[in-house]
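Just so it is clear, none of the values below were taken in a lab; they were calculated from the coordinates. It should be emphasised that the depicted structure is a prediction, and the values quoted were computed from it without experimental measurement. Cβ placement follows ideal geometry from the backbone for every residue including glycine, while neighbour counts extend to all protein chains displayed.
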Amino acid sequence: MKHVILPKSAASVRRRLPFYLAMEEWVAGALPEGEYFFTWRVAPTVIYGHCQDVAAEVDMDYCRSRGIEFYRRKSGGGCVYADMDNIMLSYICPGADVEPTFARYTAIVAGALRGMGLDAVPSGRNDVEIGGRKVSGGAFYRMAGRSIAHSTMLFDTDMEHMMRAITPSRAKLESHKVKSVEARITTLSPLLPGMTIEEFNNRLIASVTDSELALSEAQVAEIEKLEQYYYRPEWLGYDLKQKN
């Protein structure tokens, strides 16, 4: 599997989440058939699913007041919160069948975690668990004979902050609800004492991939063109200018 990397000049730029969604799309549409993988981190952002009503699923006022961005992705599923304390994973492969794609992908991710001494196993169709608690959840979509799977990897996060951003009905969150979520999910930081998120990310990539594919500046420019689609009001379900 190839690790897709940005050129140094492009990698040094702080990117918004739609850039990485466009990067997945570009890889699937432009690169030769094969398996590709890359990871990314963003400032606090909520990602909502293709069919979700942003006003119903995202606490837009809460997010705006705290500088949390929110964008729609092309895959299905529910809202996901991301920030610099967790890692987002992108996997692109041949084929268009969701079940075998998730089966292989979650097995690869769980195997990488086991290589770090963690008791990780695939769970359900698209999750990875450690000790019965979810650490990674994924979503899927297909395009032109390719499958794109992407997922979170919870290295660390603020549970209450995450829940308030994505569930407006819990604006007055009660502590027992936070504890309920904490009982179902886990983060990696306490399980890997002394390991930084950068060290974890490097070990994950080394375990999952066997070669690198460095993109050119011209290819990054193509991704940036695709990125613009994700800012269109008709795609987002709201006017981006109203965020500020």
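For this structure, a couple of remarks:
- Dimensionless Rg over Rh [region 2-231; C-alpha; Kirkwood]: 0.94
- Positive-end extreme of charge dipole, region 2-231 - chosen from Val109, Tyr81, Phe140 (charges on Cβ): Tyr81
- Highest-fluctuation residue, Ala82, Ala144, Ala165 considered, GNM on the chain with Cα pairs under 10 Å: Ala144
- Our helix-only sum for the chain, with -39,500 (n - 2.57) per DSSP H run of n ≥ 4 divided by its residues, gives a mean residue ellipticity at 222 nm of -10500 deg cm²/dmol.
- Taking Phe140, Phe200 and counting other C-beta atoms within 10 Å, the order from fewest to most: Phe200, Phe140
- Net lengthening on full extension, Tyr238/Ser211 (0.36 nm per residue, minus Cα-Cα): 5.7 nm
- Enclosing the Cα atoms of region 94-145 in their convex hull gives a volume equal to 63 cubic angstrom per residue.
- For Lys225 and Asp119, the FRET efficiency from 1/(1 + (r/R0)^6), where r spans their Cβ atoms and R0 equals 35 Å, is about 0.20.
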